[in-house]
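Right, I'll just put the structure down here and ask away after.
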Amino acid sequence: MKTDEQLVDAAQQGSEAAFSELVLRYREKLFRFLLTRCTSHADAEDAIQDTFVNAYRYLDSFNPRWRFSTWIYRIAIRNAMRQPVGVQQADGSHVDAFADEGSGPLDQCIVRNDRENLWLTAKQVLAPDAFTAMWLHYVEDMPVKEVSRALNRSLSWTKVTMLRGRKRLTQDLNREKTGSATKAGSRSYG
Amino acid sequence: MDDLKTRLKQDADEIQASTSPELRARIDASLHAARGSKAVTNTPATRPVSLWWVSSVTGLTAAVLVISLMNWKSPVENETQDLSASVPAPTNEVSLPEEWIPGDKFLLNVEQADLTRSLEEELLNLQSDLEKAKENVERDVKFAF
């Protein structure tokens, strides 16, 4: 099986099959990632389309020193940032575009179970870039250095932000555990 | 692997997001369009080389053509000789149009213009100066020896 970089090299030589293989590898992962960044399902669809088109157009400018995953996530983040975040009302107040969709497209895609999805909590309590840093590191298994590159932030910023995010989510996780233990205890003793 | 990491992985797996067939078709179509536009934008990159060759060949051909035409038209000297031959030799006689000649009432005295008189006088002056200088030199030579 060829690596991403080998496929990029082949695509740069003009192989359309190689680029199609890259699209196939990253399509689902990128779409799920973009759902966490965009304000609606339609925006995420537009963003993923633009991401692949931009990647194809600027494939010649790809620097082999980067990982392909870092590069394409960087493009995806840029495209997600271009999507409208909300609607500016006449009185100047700002209303989220997905106000009628609950917590946005992410909320709609989550399989419901008895506990709260931690990513939904993260979406509410963390800043967008902090959320993305956590996602890229813990879900896409991207090293911290690559995360900082994808976000176009300094390495120290990324480390500090991830540490804070981790602390914050650990607190929520512990609170949830304590709460469920209390509930279980109350049930057993109730 | 710590609890948080495990939990984040699990919760991410619970996010069921897959691209619809329509979205895949959209992506494929936009990539197809991008391939077309990229091919079109790549075409001019080869154009300057071919244009360079064409312009060079055209320039050379034009230069050769101009040079050959110049050489073909070169008997200019012969033409100038012919022209000089066709020009009549100057004559001393002056012919006036008939309407200028009033007939019996008025006689027009026409004199030949003497354009060389001043030069001839100058020549005579120079010759006399030369003779005087010669006499002076001879006299000085006689005194010396």
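Read-outs throughout are calculated quantities, based only on the coordinates presented, and are distinct from any laboratory measurement. Note that the structure is a prediction, hence the values are computed from the model and not measured. Here the Cβ positions follow ideal geometry from the backbone for every residue, glycine too, while neighbour counts run over all protein chains shown.
Once Lys and Arg get +1 and Asp and Glu get -1 on their Cβ, which of A:Ser148, A:Ala133, A:Leu163 lies farthest toward the positive end of the dipole of region A:114-183?
Most positive-ward Cα: A:Leu163.
Summing Lys, Arg as +1 and Asp, Glu as -1, what charge do residues with Cβ under 14 Å from the Cβ of B:Leu126 carry, B:Leu126 excluded?
Values: positive: B:Lys132, B:Lys134; negative: B:Glu120, B:Glu121, B:Glu122, B:Asp129, B:Glu131.
Net charge in that neighbourhood comes out at -3.
Mind sorting A:Asp107, B:Asp11 by how few other Cβ atoms lie within 10 Å of their own Cβ, fewest first? Walk me through the intermediate numbers first.
Numbers: A:Asp107 16, B:Asp11 22.
Ascending number of Cβ neighbours within 10 Å: A:Asp107, B:Asp11.
Fewest first, what order do A:Cys38, A:Cys109 take by the number of other Cβ atoms within 10 Å?
Details: A:Cys38 27, A:Cys109 19.
Lowest count first: A:Cys109, A:Cys38.
What is the calculated FRET efficiency for A:Asp60 to A:Arg82, with r their C-beta to C-beta distance and R₀ = 30 Å, to the nearest 0.05?
0.85
Now for a different question. Compute the distance in nm between two label points, each set 7 Å from the Cα along the Cα-to-Cβ direction, one at B:Asn71 and one at B:Ser20.
A separation of 7.8 nm, rounded to one decimal place.
Right, next: In nm, give the distance between the simple-model label positions of B:Val137 and A:Ser20, each being 7 Å from the Cα along the Cα-to-Cβ direction.
That separation, rounded to one decimal, is 11.0 nm.
Moving to a separate point now. Grab the beta carbon distance between A:Thr170 and A:Val144, set R0 = 22 Å, and tell me the FRET efficiency rounded to 0.05. It would help to have the intermediate numbers written out before the result.
Details: r = 18 Å, r/R0 = 0.80.
Calculated transfer efficiency: 0.80.
Less than 12 Å Cβ to Cβ from A:Gln171, Lys/Arg counted +1 and Asp/Glu -1: what total charge do the surrounding residues give?
On the way: positive: A:Arg164, A:Arg166, A:Lys167, A:Arg168, A:Arg175, A:Lys177; negative: A:Asp172, A:Glu176.
Taking every Cβ under 12 Å from that of A:Gln171, the sum is +4.
Step through the table entries A:Lys2/A:Lys145; A:Lys2/B:Lys9; A:Lys29/A:Lys123; A:Lys2/A:Lys29, compare each Cα-Cα distance with 20 Å, and write down the pairs that go over it. Display every interim value, and only then the final one.
Working: A:Lys2/A:Lys145 24 Å; A:Lys2/B:Lys9 26 Å; A:Lys29/A:Lys123 18 Å; A:Lys2/A:Lys29 18 Å.
Pairs exceeding the cut-off: A:Lys2/A:Lys145; A:Lys2/B:Lys9.
Give me A:Tyr26, A:Tyr73 ranked fewest to most by other Cβ atoms within 10 Å of their Cβ, as a rough exposure proxy.
Working: A:Tyr26 21, A:Tyr73 27.
Ranked by crowding around the Cβ, least crowded first: A:Tyr26, A:Tyr73.
Once you list every other residue whose beta carbon is under 11 Å from the beta carbon of A:Gln12, what net charge do they have if Lys and Arg are +1 and Asp and Glu are -1?
Working: positive: none; negative: A:Glu5, A:Asp9, A:Asp60.
Here the charged neighbours net out to -3.
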